[in-house]
Amino acid sequence: TSKGTRFLTKTIFIAAGVGAFQPRPLKLGGLEKFDNTQLFYRVAAPSRFAGKRVVIVGGGDSALDWALYFVEHETHRALSVTLIHRRDSFQAAPATVSKVKALCERGEMAFLVGQVTDFEETGERLSAVEVTSPDEEKRLVPADVLLVFFGLSPRLGPIADWGLDIERKQLLVDTEKFSTNVPGIFAVGDINTYP
């Protein structure tokens with residue numbers, strides 16, 4: 001301008017995927033108070049679980065691989081391992097499924113068909129989980145540690161709070177210019193919906 005004032009135009013470009021992947025939680029009221037002390041959605045330090053009663057919930061590769069690990073690993077062996085899955089078939093590598101079934105047949109670990117529907121605590125510590133079978137039979141399983149492997153789901157994070165039009169966790173854009181509904185904000189990548 002004639003008086004030396006400069007005007008800055010702010011433009012934001014979002015170049016992203018569908019978000020950061022977060023573990024799907026076990027939705028059971030009150031259980032979250034055990035997060036990262038007795039309830040885990042990933043294993044960062046296997047040595048923490050040695051000598052413990054480990055209950056693993058899930059039917060995919062992660063659940064079965066960790067079950068095998070805590071039964072077979074010499075140094076990090078659990079006191080007991082119980083695998084819980086909503087059905088008696090798994091979505092894991094066939095060789096892993098065979099190993100798990102063999103360990104269950106030999107009594108080296110346990111497998112229950114059902115879902116975790118409640119929990120017990122003793123002295124503000126998780127002490128057991130209640131498993132409800134498909135025929136509504138309830139069983140209490142002692143637990144020092146609960147590992148949950150329900151898979152991952154994408155989370156947009158703070159972008160979700162920017163006032164942008166979102167459809168099924170993706171940003172709506174004008175694909176000619178890749179502009180969002182907010183002037184000055186553009187987006188490209190898997191974060192967008194496309195026709």
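The values are calculated or read from the model by the stated rules, or taken from the named source; none is laboratory data. As the structure is a computational prediction, the values presented were derived from the model and not from experiment. Virtual Cβ from ideal backbone geometry, glycine too; neighbours counted across all protein chains shown. With ligands, DNA and RNA removed, areas are computed over all heavy atoms of the protein, side chains included. Shrake-Rupley method; radii C 1.70, N 1.55, O 1.52, S 1.80 Å.
Residue pairs whose Cβ atoms lie under 7 Å apart, sitting 6 or more positions apart in sequence or on different chains, and linking a residue in segment 23-52 that is within 17 Å of Ala78 (Cα to Cα) to a partner that is assigned to a helix (DSSP H, G or I), are Leu39/Leu31; Val43/Trp66; Pro46/Tyr69; Phe49/Phe70.
One residue stands out in segment 156-171 among those that are in contact with a Ser or Thr (Cβ under 8 Å, 6 or more places away or on another chain) and open to solvent by 60 Å² or more (accessible area, probe 1.4 Å): the one that is nearest to Phe13 (Cα to Cα), namely Asp165.
Scanning segment 110-149 for residues that are crowded, with 17+ Cβ neighbours inside 10 Å and either of a type in the set (A, V, I, L, M) or at pLDDT below 95 (or both) yields Leu112, Val116, Leu126, Ala128, Val129, Val131, Val141, Ala143, Val145, Leu146, Leu147, Val148. When Leu172 is tested against the conditions (1) without any contact (Cβ under 8 Å) to a residue 40 or more places away in the chain; (2) over 30 Å from Thr193 (Cβ atoms), the lone failure is (2). Of all the residues in segment 53-77, those that are without any contact (Cβ under 8 Å) to a residue 40 or more places away in the chain and surrounded by 14 or more Cβ atoms within 10 Å (Cβ to Cβ) number 12.
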